[in-house]
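Pasting in a structure now, in structure tokens, and then I'll have a few things to ask.
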Amino acid sequence: MQERAARTRQNLVSAAAGEFDRDGYAGASLARIARSAGITTGALTFHFQSKEEMAAVVRTQGHAVTQAVVGQVTARSEPPVQSVISLTLALADLLEREAVVRAAARLAREQPGEPDWSTTWAPVIHERLQATHEAELGPYGDRSTLATLAGYLVTGAESCIRQRACRKEPLDGQSVEHISRIWDLLSCGERCLT
């Protein structure tokens, strides 16, 4: 019985993640979430007393999934700049694969509070870049510019991925490929432009 309740609760969280990702907090409907999970609204309220409680669980799960990926990337022994590049690529991949992560990112913007999705990765970028000597930054400029660029790439990927997901277009690694090309273009600098 407990196992079935746990499965039902996880199905609800997955359905809620899809709803929050697509329609945001204000546009999300408990009735649509219940229907998507294949249960009644009454059964939904057994597991979650409010939409706010459901959103908090989605944010927490999205945060945890993101932290795990950040931990995997930062555990590699890469130079700091390469670590930042790898992190942006891993986050774009995660956003394409996990609706709960996209929902957590959207909910963090729409309802500021804890956990804030960007706090799982943005401080890591700054920390990695602090360990970099200016000479190691090469064509990427200074630490601040590089950190800003990395943030723009991740948040831009999130926005593009959500738009494609809402239009039911395939999420096939396109954002990861685009970000990789941007990093490649930056690394070769003016040579690539002439």
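Of the listed values (i) 61, 31, 27; (ii) 57, 39, 35; (iii) 43, 42, 31, grab the one calculated as Cα extents along the principal axes in Å from the structure here.
Step by step, Cα extents along the principal axes in Å for this structure corresponds to label (i).
Can you tell me the orientation of helix 2-27 relative to the chain, as the angle in degrees between its alpha-carbon axis and the longest Cα principal axis, to the nearest 10?
Around 60 degrees separate the two axes.
Turning to a different aspect of this structure: Grab the other residues whose beta carbon is less than 11 angstrom from that of residue 176, score K and R as +1, D and E as -1, and report the net. List each step's numbers first, then the result.
Working: positive: 97, 181; negative: 93, 96, 172, 177.
Overall, the nearby charge balance is -2.
Quick one: if you stick a label point 7 Å off each Cα along the C-beta vector at residue 29 and residue 174, how many nm between them?
In this crude label model, residue 29 to residue 174 measures out at 2.8 nm.
Moving on. Figure the gain on full extension for residue 53 and residue 167 (residue separation times 0.36 nm, minus the Cα-Cα span) and round it to one decimal in nm. Each step should come with its number before you reach the end.
Details: separation 114, 0.36 × 114 = 41.04 nm, distance 2.75 nm.
Gain in length upon complete extension: 38.3 nm.
Right, next: How large is the accessible surface of residue 133 in square angstrom, using a 1.4 angstrom probe and rounding to the nearest 10?
Here the accessible area works out near 130 Å².
On a 0 to 90° scale, report how tilted helix 174-188 is relative to the longest principal axis of the chain, with both axes built from alpha carbons and the result rounded to the nearest 10.
Compared with the principal axis, the helix lies near 20 degrees.
Still on this structure, I have one more. Around residue 86, under 11 Å between beta carbons, what's the net of Lys plus Arg minus Asp minus Glu among the other residues? Before the final figure, lay out the partial values.
Values: positive: 76, 128; negative: 78, 93.
Summing Lys/Arg as +1 and Asp/Glu as -1 gives 0.
Sticking with this one: Anyone know which of 68, 90, 17 comes out most mobile in the 10 Å Cα GNM of the chain?
So, out of 68, 90, 17, the one fluctuating most is 68.
Follow-up. Considering Cα pairs under 8 angstrom that are at least six residues apart, work out the relative contact order of segment 82-194 and quote it in whole percent. Let's see the in-between values first.
Numbers: 75 pairs, mean separation 42.8, N = 113.
Relative contact order here is 38 percent.
Hey, another quick one. Would you rank 45, 120 by solvent-accessible area, highest first, keeping every protein chain in place and using a 1.4 Å probe?
Values: 45 65, 120 10 Å².
Output order, biggest surface exposure first: 45, 120.
Using a Gaussian network for the chain with springs between C-alpha atoms less than 10 Å apart, which of these wobbles most: 102, 35, 22?
Evaluated over the chain, the most mobile residue of the options is 35.
Determine the order of 30, 107 by accessible area, beginning with the largest, at a probe radius of 1.4 Å.
Numbers: 30 50, 107 0 Å².
Listed by decreasing accessible area, they come as 30, 107.
Sticking with this one: Could you compute the net charge surrounding residue 132? Neighbours are other residues with a C-beta less than 12 Å from the C-beta of residue 132; K and R count +1, D and E count -1. Intermediate results must be reported in sequence, preceding the final value.
Values: positive: 128, 143; negative: 78, 127, 134, 136, 142.
Residues near residue 132 contribute -3 overall.
With n ≥ 4 as the cut-off for DSSP H runs, can you work out [θ] at 222 nm for the chain, using -39500 (n - 2.57) per run divided by the number of residues, rounded to the nearest 500? Mind showing how you got there, number by number?
On the way: 9 runs with 144 residues, N = 194.
Value at 222 nm, helices only: -24500 deg cm²/dmol.
The values are calculated or read from the model by the stated rules, or taken from the named source; none is laboratory data. All figures in this text were calculated on a predicted structure; none of them were measured in a lab. Note: ideal-geometry Cβ built from the backbone for every residue, glycine included; neighbour counts use all protein chains shown. In case anyone asks, the SASA skips ligands and DNA or RNA and just uses the protein heavy atoms, side chains included. Shrake-Rupley method; radii C 1.70, N 1.55, O 1.52, S 1.80 Å.
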